[in-house]
Amino acid sequence: MAKRVKKGSALKVQKGQAITLVESANIEHRKLAQDILEICIPLSGKSVRIGITGVPGVGKSTFIEAIGQHLTALGHKVAVLAIDPSSSRNKGSILGDKTRMESLANDKNAFIRPSPSSGSLGGVAQKTRETISLCEAAGFDIILVETVGVGQSETAVHSMVDFFLLLMLAGAGDELQGIKRGIIEMCDAIFINKADGDNLNKAKSSRVQYSNALHLYPVPDSGWSPTAGICSAITNFNIDVVWDTIEQYMKHTKSNNYFLENRKRQDLVRLHEQIDMKLKARFYNNTEMKKAIADAEAKISNNTASAYKLADELLDNY
């Protein structure tokens, strides 16, 4: 697998293996992954990319399994990219989404790939964009990107998907206080999950509150007015309505050309992300800089120089 890939054989690499290569820090693996990604460019970009986030306990995994099964029943091929939080100590992660989505994992038209966040911003795997391209080239026309939870990851996910869905729970009436303004501004729809049993009336009340809150914000560049709804992943209540909402959004944004313009902007974001990542990697992997960094760390430990001055010197030397 470490050999460079020829165009005729690159696509024979299994999607799981290709994603592993993309996520690898091994230099030879990265070269091979780059070859595969280049070949996949003409085959990618044809899916609907959906970002899904929500507060802890909202039931994201259950919801994704429900909507995933709904979509495969309609004839779609669904890829789920679930970001698992990594340990800050040993960089390990649970990677348990296949366990939580057992039924969907056994669906021949679905692919679930849990990826460790590896300490990247807000729990979004650094290679998620590349993984999306690989899944699209493999024929998946719906890509679901699940985040760890409400936090910094929303900005990163929003910059790589077409539709951004926020899942919420019905609360005691003050749940709006717990949501960052920026997340509300980014979402294209809010759905209150677990709208079943005794919780149904609470969910209906919360929907009204969220709907009123959404009307307070200016209409986004897409021209789409975000909506609020209710659903239950356990009972499959309104799961079809969620998908209908996404389809309406896609129709709207393609008709006014926002969809394509947004994809172009996202490609530019990817370019600058790659520049940042590659510059950082080259800096830290440079043999001379490794020694210089070690010397700088020693000076910090001995309190003989400031971090600001040393950082400037290291960058100037590089």
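Could you look through the range 125-138, keep only residues that are aliphatic (A, V, I, L, M) and touching a strand residue (DSSP E or B) at 6+ places or on another chain (Cβ under 6 Å), and pick out the one that is modelled with the lowest pLDDT? Only one residue fits best here, namely A125.
When the range 1-46 is filtered for residues that are of a type in the set (G, A, S) and at pLDDT below 70, the ones remaining, listed by number, are A2, G8, S9, A10, G16, S24, A25. Note on the range 264-280: residues that are at pLDDT below 85 and of a type in the set (A, V, I, L, M, F, W, C) total 1. The residue that is surrounded by the fewest Cβ atoms within 10 Å (Cβ to Cβ), counting only those in the range 270-293 that are among the β-branched types (V, I, T) and out of contact with any Leu (no Cβ under 9 Å at 6 or more places or on another chain), is T287. Here A195 fits the description: free of Cβ contacts under 8 Å to residues at least 60 places away in the same chain and in contact with a strand residue (DSSP E or B) (Cβ under 6 Å, 6 or more places away or on another chain). Determine, yes or no, whether T155 is hydroxyl-bearing (S, T, Y), at pLDDT below 90, part of a helix (DSSP H, G or I) and surrounded by 20 or more Cβ atoms within 10 Å (Cβ to Cβ). No; evaluated as a whole, the condition is false for this residue. One residue stands out among those in the range 49-77 that are of a type in the set (G, A, S) and surrounded by 17 or more Cβ atoms within 10 Å (Cβ to Cβ): the one that is nearest to M186 (Cα to Cα), which is G51. Does the range 193-211 include one or more residues that are touching a helix residue (DSSP H, G or I) at 6+ places or on another chain (Cβ under 7 Å) and either farther than 23 Å from I64 by Cα or not assigned by TED's automatic domain parsing to the domain that holds D240 (or both)? Yes.
The values are calculated or read from the model by the stated rules, or taken from the named source; none is laboratory data. It should be emphasised that the depicted structure is a prediction, and the values quoted were computed from it without experimental measurement. Counting neighbours? That spans all protein chains shown, and the Cβs are built from the backbone with ideal geometry, glycine included.
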